[in-house]
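Chemist: The structure follows.
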Amino acid sequence: QQQVKQSPQSLIVQKGGISIINCAYENTAFDYFPWYQQFPGKGPALLIAIRPDVSEKKEGRFTISFNKSAKQFSLHIMDSQPGDSATYFCAASSFRNSGYALNFGKGTSLLVTP
Amino acid sequence: KAGVTQTPRYLIKTRGQQVTLSCSPISGHRSVSWYQQTPGQGLQFLFEYFSETQRNKGNFPGRFSGRQFSNSRSEMNVSTLELGDSALYLCASSLGRGKETQYFGPGTRLLVL
């Protein structure tokens, strides 16, 4: 059972545009929501993470928006660049319930065209 | 600091064999988690070790096992390999003590023929 649902599966954005990836969860015990970026042949790398006590977190061109009541969170990539072309995964975990086990979405393949 | 290292990077085995994968965490990290990544199922949690103890386990059969050594290095073993075990096996380390940020290694690509 997929505990974190991610959409879209793939995304094509023009250079300079905004990329938006959405995730939804059911387990209200989740209290840590990271986003990972993965390039072919590499392991996932942490991009940015958020906790449910804030509604937005920004780091450079990457912003997480979090809606606790809707149990949804999203990643916005501003001024998208061809170098951002990668697969993005959202994840969620509850340290109290299950330690560091991350529940991942299925991933979004992002292509930024020149 | 050196990142998470995994060996070997690539492995080809046949059905019925067993395999051992190794993971060296970032220096000072005491928690090591293992994940299986496949195109169909995505990234799935296998198990987590902290201070040589398995603290959490995902929904995988008993053929998948692991251990952690006193220096925090970890090994994962899969016995009686099946074709469906072909995947990228990723190891992630974290400081532990409530710091959830996990840093992933490059993975071991296992192909079962």
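Chemist: Taking region B:54-93 as the region of interest, how many residues are small (G, A, S) and over 13 Å from B:Y35 (Cβ atoms)? First the steps, then the outcome.
Modeler: Start the filter on region B:54-93 by keeping residues that are small (G, A, S), which leaves B:58, B:62, B:65-66, B:70, B:72, B:74, B:79, B:84, B:86-87, B:92-93.
After this cut, where a residue has to be over 13 Å from B:Y35 (Cβ atoms) as well, the list is B:62, B:65, B:70, B:72, B:79, B:84, B:86.
Looking only at that region, the number is 7.
Chemist: Of everything in region B:92-102 that's surrounded by fewer than 16 Cβ atoms within 10 Å (Cβ to Cβ) and not β-branched (V, I, T), which residue is modelled with the lowest pLDDT?
Modeler: Filtering first and then ranking leaves B:K99.
Chemist: Which of (1) touching a strand residue (DSSP E or B) at 6+ places or on another chain (Cβ under 7 Å); (2) more than 12 Å from chain B (Cβ to nearest Cβ) is the odd one out, the single condition A:T87 does not satisfy?
Modeler: With (1) touching a strand residue (DSSP E or B) at 6+ places or on another chain (Cβ under 7 Å); (2) more than 12 Å from chain B (Cβ to nearest Cβ) applied to A:T87, the lone miss is (2).
Chemist: Out of everything in region B:2-37 that is touching a Gly at 6+ places or on another chain (Cβ under 8 Å) and not polar (S, T, N, Q), what residue ends up being nearest to B:C91 (Cα to Cα)?
Modeler: The residue in question is B:W34.
Chemist: Please pick out the residue among A:F104, A:F39 that is surrounded by 13 or more Cβ atoms within 10 Å (Cβ to Cβ) and either at pLDDT 95 or above or within 11 Å of chain B (Cβ to nearest Cβ) (or both).
Modeler: A:F104
Chemist: How many residues are facing chain A (nearest Cβ under 9 Å) and not aliphatic (A, V, I, L, M) when one looks only at region B:33-43?
Modeler: 5
Chemist: Of the residues B:S93, B:S72, B:S86, which single one is in contact with a Pro (Cβ under 6 Å, 6 or more places away or on another chain) and more than 21 Å from A:A92 (Cα to Cα)?
Modeler: B:S72
Chemist: Now a separate question. Which of the strands (runs of 3 or more DSSP E) found entirely inside chain A contain at least 2 residues meeting this: among the charged types (D, E, K, R)?
Modeler: A:56-59
Chemist: What number of residues within region B:92-113 satisfy the criterion of being under 15 Å from B:Y10 (Cβ atoms), over 10 Å from the mean Cα position of the chain (by Cα), within 14 Å of another protein chain (Cβ to nearest Cβ) and in a loop (DSSP other than H, G, I, E, B)?
Modeler: Result for region B:92-113: 1.
Chemist: Can you name every residue in region B:46-91 that is out of contact with any helix residue (DSSP H, G or I) (no Cβ under 6 Å at 6 or more places or on another chain), modelled with pLDDT under 95, surrounded by 13 or more Cβ atoms within 10 Å (Cβ to Cβ) and assigned to a strand (DSSP E or B)?
Modeler: Answer for region B:46-91, where residues must be out of contact with any helix residue (DSSP H, G or I) (no Cβ under 6 Å at 6 or more places or on another chain), modelled with pLDDT under 95, surrounded by 13 or more Cβ atoms within 10 Å (Cβ to Cβ) and assigned to a strand (DSSP E or B): B:F47, B:E48, B:Y49, B:F50, B:Q54, B:R55, B:K57.
Chemist: Assuming B:R30 fulfils every condition listed in (1) closer than 19 Å to A:Y32 by Cβ; (2) buried (at least 19 other Cβ atoms within 10 Å of the Cβ); (3) more than 9 Å from every other protein chain (Cβ to nearest Cβ); (4) out of contact with any Asp or Glu (no Cβ under 8 Å at 6 or more places or on another chain) apart from one, which condition is it?
Modeler: Only one criterion in (1) closer than 19 Å to A:Y32 by Cβ; (2) buried (at least 19 other Cβ atoms within 10 Å of the Cβ); (3) more than 9 Å from every other protein chain (Cβ to nearest Cβ); (4) out of contact with any Asp or Glu (no Cβ under 8 Å at 6 or more places or on another chain) is unmet by B:R30, namely (2).
Chemist: Quick check on this structure: which one of B:T5, B:T14 is among the hydroxyl-bearing types (S, T, Y) and either away from chain A (no Cβ under 11 Å) or within 24 Å of A:K106 (Cα to Cα) (or both)?
Modeler: Within the list B:T5, B:T14, the selection yields B:T14.
Chemist: For B:C23, only one of the following conditions fails: (1) in a loop (DSSP other than H, G, I, E, B); (2) among the hydrophobic types (A, V, I, L, M, F, W, C); (3) modelled with pLDDT of 95 or more. What is its number?
Modeler: For B:C23, the failing item is (1).
Chemist: Would region A:58-77 turn up any residue that is within 30 Å of B:T5 (Cβ to Cβ), within 14 Å of another protein chain (Cβ to nearest Cβ) and touching a strand residue (DSSP E or B) at 6+ places or on another chain (Cβ under 6 Å)?
Modeler: Checked against the condition, which is being within 30 Å of B:T5 (Cβ to Cβ), within 14 Å of another protein chain (Cβ to nearest Cβ) and touching a strand residue (DSSP E or B) at 6+ places or on another chain (Cβ under 6 Å), region A:58-77 yields at least one hit.
The values are calculated or read from the model by the stated rules, or taken from the named source; none is laboratory data. This structure is a prediction, so every number in the text was calculated from the model and none was measured. All Cβ positions, glycine included, derive from the backbone under ideal geometry; neighbour counts span all protein chains shown.
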